[in-house]
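The values are calculated or read from the model by the stated rules, or taken from the named source; none is laboratory data. Computed from a predicted model, the values in this text were never measured in an experiment. All Cβ positions, glycine included, derive from the backbone under ideal geometry; neighbour counts span all protein chains shown.
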Amino acid sequence: MATVNYDIELKRAGATATHGWRRLLFFARRYVLGTVGLVIMVAFVLTALFADVICRYDPLTVDSAHALAHPDARHWMGTDSFGRDVWARIIHGARISLAVGIGSTALGSSIGVIIGLTSGYLSGWVDLVFQRITDILQSLPLLVLALVMTAALGPSLPNVIIAIAIPLIPIVARAKCGLRCATCCPTRWRP
């Protein structure tokens, strides 16, 4: 018969980590993949925020004398065909990627929540109209819809954010509550 040392088992389970850094360190050791993802995201955001401090060169400055230069001490990732520093262009491009990702998610989610709440609260013919519009948006392929929206609106950062946010609207508007009741899930509900 094996004996169990409860103090060691409680410590391994994290019961002794009650607050602050100990609890954070316990979760970091327990969920390694989540910790790695958090570190990558924090590095990405900090790189985007401090791009001017990290880079020595302007990402748009053309230097024809150093076109297609190999990586060296001056240009860590080399230069492109116009002589622009590739490292500076990648670091400054993180700002645009972050702005598009956060902006399109926030816009699509907020519009989807408003449509879903309005549809659920008013019900009746308003629900029918809103749900048919979301059916139409969901029937179109996402990439084709984003390309059509970008072509119709024109090439600019706010228009790209809008074009990416529109396909997110029906996904958020149709989100279920997860309670498995007759209101949200009539096909799965059993009395």
Next item on the list: Determine which member of the set ILE91, ILE111, ILE115 is touching a Cys at 6+ places or on another chain (Cβ under 6 Å) and surrounded by 15 or more Cβ atoms within 10 Å (Cβ to Cβ).
Entry: ILE91
Checklist line | Residue under evaluation LEU98, criteria (1) in a helix (DSSP H, G or I); (2) modelled with pLDDT of 90 or more; (3) more than 28 Å from PRO155 (Cβ to Cβ); (4) not small (Gly, Ala, Ser), criterion not met | finding: (3)
Next item on the list: Being small (Gly, Ala, Ser) and without any contact (Cβ under 8 Å) to a residue 24 or more places away in the chain is the filter; apply it to region 69-92 and report the residue that is farthest from PRO155 (Cα to Cα).
Entry: ALA73
Next item on the list: Could you tell me which of the residues ARG56, ARG74 is under 29 Å from the mean Cα position of the chain (by Cα), surrounded by fewer than 13 Cβ atoms within 10 Å (Cβ to Cβ) and either modelled with pLDDT of 95 or more or assigned to a loop (DSSP other than H, G, I, E, B) (or both)?
Entry: ARG56
Check: Across region 94-117, what is the total count of residues that are of a type in the set (Gly, Ala, Ser) and under 9 Å from ALA48 (Cβ atoms)?
Finding: 3
Next item on the list: Could you list, in sequence order, all residues of region 108-157 that are closer than 13 Å to ALA175 by Cα, among the hydrophobic types (A, V, I, L, M, F, W, C) and free of Cβ contacts under 8 Å to residues at least 40 places away in the same chain?
Entry: ILE114, LEU117
